[in-house]
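Before any comments, here is the structure.
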Amino acid sequence: MLPMSIPFGVQTILIRAAKVEEIVPLRHRILRAGLPMEEARFEFDEAPTTCHVAAFKGFQAVCCATFQLNAWENEPAFQLRGMATDADWQRRGLGQAVLQYATELVLEGSPVRLFWCNARVPALEFYRRQGWVERSEEFNIPTAGPHRKMTRRA
Ligand SMILES: CC(C)(COP(=O)(O)OP(=O)(O)OC[C@H]1O[C@@H](n2cnc3c(N)ncnc32)[C@H](O)[C@@H]1OP(=O)(O)O)[C@@H](O)C(=O)NCCC(=O)NCCS
């Protein structure tokens with residue numbers, strides 16, 4: 001899939017597939033602040049079926065998302081992980097654009113059509129706006145607070 005560029009005044013943001021090394025610092029800053037950097041790495045980051053996408057300002061990732069194969073209720077599915085936008089870039093449409101680009105990228109290369117995630121409660125509206133649906137009650141993840149499971153079918 002071709003990279004996508006989004007103009008922001010004089011700046012241009014480029015959305016493209018990313019290497020995990022390019023997004024770990026952003027994940028750490030936004031999702032694992034105060035914890036060791038290793039906490040921003042996920043078990044299946046290096047799997048060939050895992051797909052990382054990020055929005056870049058120059059060489060710096062300012063928004064990122066990862067899809068890894070992980071079944072939902074025994075059905076093949078992609079789990080969305082590490083969805084994060086740099087604090088200075090939130091509410092400017094990048095999260096939505098990165099998630100959409102990542103979804104198209106995995107749909108292009110796989111027959112899997114089901115997506116799920118553990119959504120942080122403050123981010124529920126972000127996912128709802130993109131067609132995701134709550135599928136669980138609230139539960140707590142000690143390092144990251146209250147969550148609900150959500151799914152989306154393409
Ligand atoms: C959740 C997150 C990834 C959203 O990224 P973003 O780049 O700010 O999202 P977008 O600008 O593309 O938002 C698209 C739409 O989603 C909704 N939305 C996004 N953030 C929202 C919020 N905090 N509260 C309510 N609605 C929100 C809005 O409808 C928004 O459109 P609008 O700004 O025109 O109203 C970002 O806020 C973030 O990194 N938060 C901290 C980490 C986190 O919670 N990650 C998710 C883990 S499950």
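Tabulated values for the structure
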| item | result |
| --- | --- |
| Radius 15 Å from Cβ of Glu38, net charge of other residues (Lys, Arg +1; Asp, Glu -1) | -1 |
| Charged-residue dipole, Cβ positions (Lys, Arg, Asp, Glu), the stretch 1-151 about Cα centre, Debye nearest 20 | 420 debye |
| Alpha-carbon centroids, the stretch 93-148 and the stretch 1-74: separation in whole Å | 14 Å |
| Over the stretch 69-154, relative contact order from alpha-carbon pairs under 8 Å, at least 6 apart, % | 27 percent |
| Globularity index of the chain, i.e. its alpha-carbon radius of gyration over 2.2 N^0.38 Å | 0.99 |
| Compactness index (Cα Rg / 2.2 N^0.38 Å), the stretch 62-142 | 1.10 |
| Projected-area mean, the stretch 17-103, by convex hull of Cα positions, square nanometres | 6.0 nm² |
| Alpha-carbon Rg with Dmax, taken over the stretch 50-93, Å | 13.1, 41 |
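Only the coordinates and a few stated rules stand behind these numbers; no lab work does. Computed from a predicted model, the values in this text were never measured in an experiment. All Cβ positions, glycine included, derive from the backbone under ideal geometry; neighbour counts span all protein chains shown.
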